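The values are calculated or read from the model by the stated rules, or taken from the named source; none is laboratory data. Owing to the predicted nature of the structure, the values given are computational and were not obtained by experimental measurement. All Cβ positions, even for glycine, are placed from backbone atoms using ideal geometry, and neighbour counts span all protein chains on display.
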Amino acid sequence: MKLTAKIKLQPTPEQADALRRTLTQANAACDYISQVAWQERTFKQFAIHSKVYRVVKEQFGLSAQMTVRAIAKVADSYKLDKATCRTFKPTGGIAYDSRILRYKPASVSIWTVDGRFEIPFTCGDRQRAQLANQKGESDLLLIDGEFYLYATCEVTEDAPYQASEYLGCDLGIKNILTDSTGETYAGNHLNSLRKRHAKLRARLQSKGTKSARRLLKKRRRKEKRMANHVNHVIAKRVVKKAKRHSMGIALEELTGIRQRVTVRKGQRRQHHAWAFHDLRQKIEYKARLAGVPVVCVDPRYTSKACQVCGCVDKKNRPNQETFLCVSCGFSAHADKNAAINIGRRASVNTPYASTTPLTHLVGLAQ
């Protein structure tokens, strides 16, 4: 399995200037290559290479391999569609391979327009261990004035096992996740943080002063980092519990739910900020590393069906938190009842299982 280790470069001012100019030159070359590809209606990497390689190498002062990487970046950008001519940000990320980037225990040897530099880096212990199995490309990015390398690393997976029971997981906004054992991961803190940030953004945007814009820029990714951390923690605990009990993990197939479900105007921001897909990806890749099987099931009626008698009725949910069966009188927390139904659907009613394959995630290792 491949994961991405994020490492922070620590260049001198001269090295930082060389890295910045390298990104600028490479992306300028990408703009030129894109224009040629668009005019010639040629979008395959080999075909583009034969048309622009020598011109780009001489005109933009790039090495042979950096020229190849720039051509590959343009070809990749047209794989989604060919409706518009692609343009590239001056300091957009550029991929490096082993010919122009070499990792050492505490530094990297990296090609720039001013030649090769050896630049020290810093990272966590887990990322440093993963770098021992670094394979493939690494992306050089400039984020808030700092240079980072996103290195692709091979990680060994545990042998998968066959599960007879599944830990059902009900996803939501008020409670981010509730499993079939009744453990709940509340979203109160994250939701209140998002509400506070939305109010602060609105106030600063309406103010429009230089200091307000500076504060907006400083805080722009704080909410995203918080949500990312919360999802990592939840995914890690869910996978650990399933592994401990030799269970699989059953998730809801929620793809397209934002198009299927309508909410009141006051709930739109919460609904669209719901990071259920990100949580699913993190659970899937952590489960794959641990050898835990994961299936996605059809979530229809799991929140309205009684786990005891199977009665499905809208009246079974008198409010958001309570489940009270109108047929047999069984009562429970609504999210736990739904999670139990999801787990049973994965282990018993196999025709409900989603055919969606597990995501082969290439994500930040945490």
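Details
- You will find that of Val239, Val230, the residue that is within 23 Å of His333 (Cβ to Cβ) and not assigned by TED's automatic domain parsing to the domain that holds Leu171 is Val230 and no other.
- All positions within the range 98-113 that are assigned to a loop (DSSP other than H, G, I, E, B), over 21 Å from Glu58 (Cα atoms) and not polar (S, T, N, Q): Lys104, Pro105, Ala106
- Residues that are modelled with pLDDT under 95 and among the acidic types (Asp, Glu), drawn from the range 30-66: Glu40, Glu58
Quick grid of which residues meet (1) under 24 Å from Ala287 (Cα atoms); (2) of a type outside the set (Asp, Glu):
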site	(1), (2)
Ala75	no, yes
Ala95	no, yes
Val108	no, yes
Glu146	no, no
Tyr150	yes, yes
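- Residues that are of a type in the set (Val, Ile, Thr) and under 14 Å from Tyr96 (Cα atoms) within the range 134-178 comprise just one, Thr152.
- Selected residue (criterion: farthest from Arg345 (Cα to Cα)) from residues of the range 169-202 that are out of contact with any helix residue (DSSP H, G or I) (no Cβ under 7 Å at 6 or more places or on another chain) and at pLDDT 90 or above: Glu183
- Here the helices (runs of 4 or more DSSP H) wholly within the range 1-91 that include at least 3 residues being over 27 Å from the mean Cα position of the chain (by Cα) and over 30 Å from Lys104 (Cα atoms) are 13-40, 45-59.
- In the set Thr67, Thr42, Thr12, only one residue is surrounded by fewer than 20 Cβ atoms within 10 Å (Cβ to Cβ) and closer than 20 Å to Leu142 by Cα; that residue is Thr12.
- Filter pass, Ser98 being within 30 Å of Ile342 (Cα to Cα) and not aliphatic (A, V, I, L, M): no
One line per residue, one yes/no per condition, for (1) farther than 17 Å from Ile119 by Cβ; (2) surrounded by fewer than 20 Cβ atoms within 10 Å (Cβ to Cβ):
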| site | (1), (2) |
| --- | --- |
| Ala5 | no, no |
| Leu19 | no, no |
| Ala37 | yes, no |
| Ile71 | yes, no |
| Val74 | yes, no |
| Ser77 | yes, yes |
| Cys85 | yes, yes |
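- In the set Ala159, Ala132, only one residue is more than 22 Å from the chain's Cα centre (by Cα) and assigned by TED's automatic domain parsing to the domain that holds Ala95; that residue is Ala132.
- Residue in the range 45-54 that is crowded, with 18+ Cβ neighbours inside 10 Å and in contact (Cβ under 8 Å) with a residue 40 or more places away in the chain present: no
- Residue identified as of a type in the set (Gly, Ala, Ser) and under 30 Å from His333 (Cα atoms) among Gly136, Gly168: Gly168
- Contact annotation: residue pairs with Cβ atoms under 7 Å, 6 or more positions apart or on different chains, pairing a residue in the range 147-162 that is farther than 10 Å from Leu3 by Cα with a partner that is buried (at least 18 other Cβ atoms within 10 Å of the Cβ) and β-branched (Val, Ile, Thr), are Tyr148/Ile7; Leu149/Ile7; Leu149/Val108.
- Among all positions in the range 115-135, there is at least one residue which is of a type in the set (D, E, K, R), outside any helix (DSSP H, G or I), out of contact with any Phe, Trp or Tyr (no Cβ under 6 Å at 6 or more places or on another chain) and more than 22 Å from Ala16 (Cβ to Cβ).
- Taking the range 272-298 as the range and being of a type in the set (Val, Ile, Thr) and not in a helix (DSSP H, G or I) as the test, the residues that pass are Val292, Val294, Val295, Val297.
- Residue selection: Gly172 satisfies the criterion of being surrounded by 17 or more Cβ atoms within 10 Å (Cβ to Cβ), in the same structural domain as Glu284 (by TED's automatic domain parsing) and within 30 Å of Gly343 (Cβ to Cβ).
- Within the option set Asp76, Asp81, being farther than 19 Å from Leu140 by Cβ, among the charged types (D, E, K, R) and either out of contact with any helix residue (DSSP H, G or I) (no Cβ under 7 Å at 6 or more places or on another chain) or modelled with pLDDT of 95 or more (or both) holds for one residue only, Asp81.
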